[in-house]
Each structure stands twice: as structure tokens, then as C-alpha cells.
Amino acid sequence: MVKAVSRKITSLINEVIDADVLVVGGGLAGCMAAIKAKDQGVKVVLVDKGYISRSGQSPFAAGSINIFTPEDDLSLWLREIVERGEYLNDQEWVKLQLENIYSLTTELDAWGKEYGLTVLERDEKGSLLRRKARGNINTLTSVINALPMMDTLRRRLVKLEVPLYERIMVTDLLTEDGRVVGALGLNYRDGKLYLFRAKATILAAAGCGFKSFFIGHRNLTGEGQVMAYQLGAALRNLDQAMSNTTAREVDIHGLSFMVGFGGRFLNGRGEEFMWRYDPEVGNRARLTRLTVAMAREVAEGRGPIYMDLTQVPTHDQTLLKQIVPEGFRSLESVGLKPFREKIEWMPAFEGTLAHGGGVHIDLGCATGVPGLFAAGDNTCTPEHGTWSITGLNLSFCIVSGKVAADSAVPEASRASLSALGNLDVAPLVDALLAPLDREGGSNPEEVIARIQQTIIPYPVAYLRREETLQNALARIQNTRQWEIPRLRARNLRELVKAREVRNMALIAEAIVQSALYRQESRGFHYREDYPLTDNDQWLKWIMVKEERGEMKVRGEVFPTPYIQPPTGKYPPR
Ligand SMILES: Cc1cc2nc3c(=O)[nH]c(=O)nc-3n(C[C@H](O)[C@H](O)[C@H](O)COP(=O)(O)OP(=O)(O)OC[C@H]3O[C@@H](n4cnc5c(N)ncnc54)[C@H](O)[C@@H]3O)c2cc1C
């Protein structure tokens, strides 16, 4: 059986697809990148591990989007985003994003109208519907409907005749003389192997969510980040590996507007505890503050934690159900009545998704590897810093998709299509298929569980210490050294899992190494042994790079052109 699958794949290896610009990953960022590249008249190919418009996180997004309009005050918004991002933001990226998001979302909304879809919610006067949601003080959050947004993008791609290659997992990037010239992909339904040849490649395959308990990311296991890292790109800010929060009974989303519309967090004693941790916004605290606070309440014996929506006004209940219908359906499907009873709540680890760090990029989405660009969650999400305010991710995906396209198109026009004549892909294919040929070895599912058990527990994910992090590092290195090379697969499904778990293990080590390196507390990174934010020592981006086969970590001082951080040490803000 094992050999039969292996032979079938090998005989189908040579399907070759050519593109000027190859986009890997068709979430919001990848779709925008493909559309904006195609608009410039080049041949674009979009490849995705799932079904474009229903895969990845974008279709699950809970509707918060940060749209800076021409009427808003740029310096006020920039300051708020940087201050709430605890100064780790790339300030030039924040400015670029604010300056471009209004026109791009207006365009996206207009595409939706062509198909009769409502992308942006508007009030009765036709203005953007805007609220104060999680983290907002002076800034405002607009409402975007995720499914119509993704349906619009898919229909636009089809209209522009961008070829969509779906249910293909890109496993490796191909290089010639150090330059990326395409990618190798496996269709996990029929076992076909694809070679994509490209003059420029944009990675938009998001980050690694470790298949944890949160909706919308179980197929996101870090391929895009690992592939870039293996070619010498730096991974940045993985110390900020992030978490959302969700109901314990069923994984749902929609937190931003739940607390924006009056939802409250209660501890086991019925106290509205978030005001102790964030006197300014209380229940609307940023995720960084919220997840650490929840972990501390439980660790100090005041658990469990609840979400209380019983005080949300009736008209906002209706709007909430409209923005995140599947979340409320899920709660009801397990017999919970969210507007009549409090719901048990918990942190939900999401690793390097959203603002949890990723591939370091410059202002043009270049990764530093010739021919390779990155957009969306595949990157370090430079606008966020730690976790700034809600809705920045979706805006970043839109803007970075456009920026990556604007960089990749001229790059493609300078390059020629690689003949791939001298390229020996056999070692890559052999390595990919090797688990199929192993009779014994580790079961990918069991290794995934071990990785989760190593990095998701509170003392590693939320209330970190040198000792707990060192223990986690030893375990993860052990997994990488002994279990990953022995992974076995009995079918295509397990073969995909084997590659996924290999990538998850690498990202897990990079997270733990980054967390060990940063000896202070900031954002998602709370160190019980270094509880203060230290702007004198740690206004640095933590960079992880492969050097001569080893994972190296360093801190990089970065420019702060517009907002000057305060000096000294203080409790995390
Ligand atoms: C439940 C939920 C709610 C959220 N709500 C909000 C919100 O309200 N506001 C906000 O700003 N942000 C929100 N976020 C975050 C936001 O949704 C993401 O930051 C954003 O959607 C990321 O878009 P992306 O295009 O970078 O990646 P994704 O949308 O995750 O798309 C990545 C794509 O890459 C594909 N892919 C992955 N690996 C491979 C591979 N090896 N080969 C080929 N393709 C691959 C996947 O199939 C997927 O289609 C939310 C996230 C979740 C999970």
C-alpha cells in the first residue's frame, strides 16, 4: 500500500506551470496580491492548500477592520497604534497602511457591489459603520463581512482569469543561484506533484496555528514561514506568539465586537476582573493583556473565566449575530444561550498567525531572498508591534497584498523564466515522500499532540520563566532530532500531516528560542522572571535566522521615525 502510493506520485511528478508572479496562499493577502499583480498585465498563478475563499483564516474573520479615512487625524491614529503596539511596530509600515487602506477597501467594496455582495457595513447615510472595539481609544473600527469579502475576491480572480490551483500544498521553494524560481506542490487528493516556475514569488500562506483550539486555521502549519527561513530569510517577533480567546465548549470567534457591544469578562468569583489589569478599557483590553490576565486569574485560584453577554442591548444582539453568525450558531448548537447565560471562556493559542510574528519584510514586502516577497500573516505583521488595536490584520493583508504585487511585478519583468534544467528536484521529492516508505516510525498525529503539549501550557505560552522555557526547548529539540526524521505516513493524508508537523516543530523551536532571548515583558510575552517592560535594553526586534544549519537568535535595534518611545522600565502597558 505504502509503495503503491509512493509510485503513483512519482509517476505524476512533471506537471509544470509557468507564471510571471506565483502567489502561494489564497487568503485575503494572497487574493489581493494576485488581483493587483494581474491588473498590471502579467501572468499570475495562485496556488492554495484549500479552496480559495473558504480556506485559511480570512473567511472566518470576525469583521473588525481598521480603516483610516480622509477625515481622520493621521498623527493621532499613528500614535495610538504605536503606543498600543508597545513600540515594536515598524512605524513606516503603520503610516503606509493608514495612507492606503481607505482607497483599497473602497475598491474592494465596489467589486462586491458588482456581484450584489455587501463587503463593508454602512450606516443609513452610507458612511462606514464604525465603533470603538478592542483596544480603541481615539481610533475606530469598521465592519467588514468576511464571507462576502472572500466571495468577492474569488469572483474577481475568476473574472480576471487568474488560474487557481487548489488543494495543493506547496512544500518547497525552488532556487537557482540563490534566487527563488518557483515552488514544488503536492495535490493531496490525487497525489500529483506540481512544479510551478515563476519569475517572482509571493508567499501569502499565513503562519502556524499548531492546530490548536481556535476556529479557522487548522490547515495553517507554517509552510510559508519555514520555506522562507530555510532560504535565509529572518523570522521576526516570534516571542510575540499570540493567542485569542474563545468559549471552552466550542471554538468560536467575534470577541472584538462582543466586548465592543457590552460583553464582560467575569472570574470564578463573579468579579469583572479586567479593570484591575487595564483600568482604561477594562473588558475591551487588547489580547496581550487579556490572555495573560486570564492565565493569572486561573493560576491564582480565581478561575474559571466567563464571558457575559447578558447585558448587550437587543439591537446590538441582532447586529452581533449578523456579523459573526456561525459563532452564535456554534454556541447554540452545544445548547448555550449566549444572551441569557454566561459562557465559560479561555485563551486559545494561535502561534505565529495574525500578529504572532513571521517573515521579516521591508517596506516593499521583500524578504531579503532574491525573487521572494511575503504578504499578510506569512510576515511579521510589522504594523502591529505587539498587539496594537483590533482590525489591523485585515487592513495589513489588503495593503501588503497590493505592496507585494507592486514589488513582484517589476522584479518579474527583470527576470527570465528559469528553465529549471539544472535543477535537481529529486532530493526535495525524495524527502517529501520519505515518510511513505517507512514501515515503522512516529505517527504524525501523536507528534502534533506532543508539540501542543510542549508549547501551549500556561507556563510556556502565557506566564513564562527561564526554567519552563528551557524545559520546553529541550523537549522540542528532542522531537526535532528524534521524531521528525522518523515520521511515517500510510496515505496521502498522513503524508501532508508529516510535512505539517515538521514545520510546526521548527516554528515551535523558533518561538521558544525567541521567548528565551527576550528578557523582559512586553505584549504577549510575559516573563515572570522579568516582569517589567525595559525600553533601555529591549526596544529590539527578535530575529531568528538559519546560519550554517543552526538556529541563531539576535536582537535588532530598529528605527522609530515618528513616535519616540519613553526610556526606562515600567510594568507592561
Ligand atoms: C476566527 C478568526 C477571527 C479573526 N477576526 C479578525 C478580525 O475581526 N479582524 C482582523 O483584523 N483580523 C482578524 N483575524 C485575523 C485575520 O483573519 C488574519 O490576519 C487574516 O485573515 C490573514 O489573511 P492571510 O491572507 O494572511 O492568511 P489566511 O487567510 O489564513 O490564508 C492563508 C492561505 O494560505 C493557504 N496555505 C497555507 N499553507 C499553504 C501551503 N503550504 N501551500 C499553499 N497554500 C497554503 C491556506 O489554505 C489559506 O487559504 C481573525 C482570525 C481568526 C482565525
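Between amide H atoms placed 1.01 Å from N, distances below 5 Å from V359 occur with R236, T379, C380, all of them 5 or more places distant or on a separate chain. Database remark: amide H of T533 closer than 5 angstrom to the amide H of S521, Y570 (H placed geometrically; neighbours at sequence offset of 5 or more, or on other chains; Pro and chain starts carry no H).
Which shape class applies to region 411-494: rounded if a/c is under 1.5, otherwise prolate when a/b exceeds b/c and oblate if not, where a ≥ b ≥ c are the square roots of the Cα gyration tensor eigenvalues? It comes out oblate by the Cα gyration axes. For region 247-350, averaging the sequence separation of C-alpha pairs within contact (under 8 Å, six or more residues apart) and dividing by the residue count gives a relative contact order of 37 percent. Residue order by solvent-accessible surface for H525, H360 is H360, H525, largest first, with ligands and nucleic acids left out and a 1.4 Å probe.
Loop-located GluC sites (Glu not before Pro) in region 440-475 (DSSP state other than H, G, I, E, B) with a sparse environment of at most 13 neighbouring Cβ atoms within 10 Å are absent.
Taken one residue at a time, the phi angles of region 448-453 give Karplus couplings (6.51, -1.76, 1.60, θ = phi - 60°) of 4, 4, 5, 5, 4, 5 Hz. Gly and Pro are set to x.
Within 13 Å, Cβ to Cβ, of E494, how many net charges do the neighbouring residues add up to if Lys/Arg are +1 and Asp/Glu are -1? With Lys, Arg at +1 and Asp, Glu at -1, the net is +3.
Scalar couplings 3J(HN,Hα) for region 306-318, obtained by applying the Karplus form with A = 6.51, B = -1.76, C = 1.60 to θ = phi - 60°, are 10, 9, 10, 9, 5, 9, 5, x, 4, 5, 6, 4, 5 Hz; x denotes Gly and Pro.
Per residue of the chain, the DSSP helices (runs of n ≥ 4 H) give a summed -39500 (n - 2.57) that works out to -11000 deg cm²/dmol at 222 nm.
Per 5 Å bin from zero, what fraction in whole % of the C-alpha pairs of region 458-537 is there, up to the bin with the longest pair? Over region 458-537, the share of Cα pairs per 5 Å bin runs 3, 15, 21, 17, 13, 11, 9, 5, 3, 1, 0 percent. In terms of its C-alpha gyration tensor, region 444-487 comes out oblate, because a/c is 1.5 or above while a/b does not outweigh b/c. Whole-percent P(r), region 1-144, all Cα pairs, 5 Å bins from 0: 2, 8, 12, 16, 17, 15, 11, 7, 4, 4, 4, 2, 1. Cross-link reach is defined here as a Cα-Cα straight distance under 18 Å, omitting same-chain residues fewer than 8 places apart; for K552 the lysines meeting it are K540. Based on the convex hull around the alpha carbon atoms, region 176-297 presents an average projected area of 11.2 nm². Pairs over the 20 Å Cα-Cα cut-off, from the set K211/K545; K132/K342; K125/K321; K43/K95; K43/K192; K36/K199: K211/K545; K132/K342; K125/K321; K43/K95; K43/K192. Couplings 3J(HN,Hα) for region 274-285, derived from phi with the Karplus relation 6.51 cos²θ - 1.76 cosθ + 1.60 (θ = phi - 60°), are 5, 5, 5, 8, 9, x, 7, 10, x, 5, 8, 4 Hz, where x marks Gly and Pro.
For Y115, no residue 5 or more places off, or on another chain, has a built amide H under 5 Å of its own.
Cross-link partners of K38 among aspartates and glutamates, defined as those whose alpha carbon lies under 20 angstrom from its own and excluding same-chain residues fewer than eight positions apart: D18, D20, D48, E107, D109, E114, D151, E161, E166, D406, E411. Under the criterion of Cα pairs below 8 Å and six or more residues apart, the relative contact order for the chain equals 21 percent. Taking only the Cα atoms of the chain, the radius of gyration and Dmax are 22.6, 68 Å.
Express the Stokes-Einstein translational diffusion coefficient of region 247-350 in µm² s⁻¹, to the nearest whole number, given a Kirkwood radius over alpha-carbon pairs, 25 °C and a viscosity of 0.890 mPa s. Once the numbers are plugged in, D ends up at 178 µm²/s. If you wrap the Cα atoms of region 132-231 in a convex hull and average its projected area over all directions, you get 9.8 nm². Dividing the mean sequence gap of close Cα pairs (under 8 Å, 6+ apart) by how many residues region 430-573 holds gives a relative contact order of 23 percent.
The convex hull of the Cα atoms of region 364-474, projected and averaged over all directions, covers 11.6 nm². Straight-line cross-link reach from K497 at under 13 Å between alpha-carbon atoms covers these aspartates and glutamates, not counting any fewer than eight positions away in the same chain: E223, E445, E446.
The values are calculated or read from the model by the stated rules, or taken from the named source; none is laboratory data. As the structure is a computational prediction, the values presented were derived from the model and not from experiment. Methodologically, a virtual Cβ is constructed for each residue, glycine included, from the backbone with ideal geometry; neighbour enumeration extends over all protein chains shown. Side chains are part of the model used for accessible areas, which takes the heavy atoms of the whole protein and leaves out ligands, DNA and RNA. Shrake-Rupley method; radii C 1.70, N 1.55, O 1.52, S 1.80 Å.
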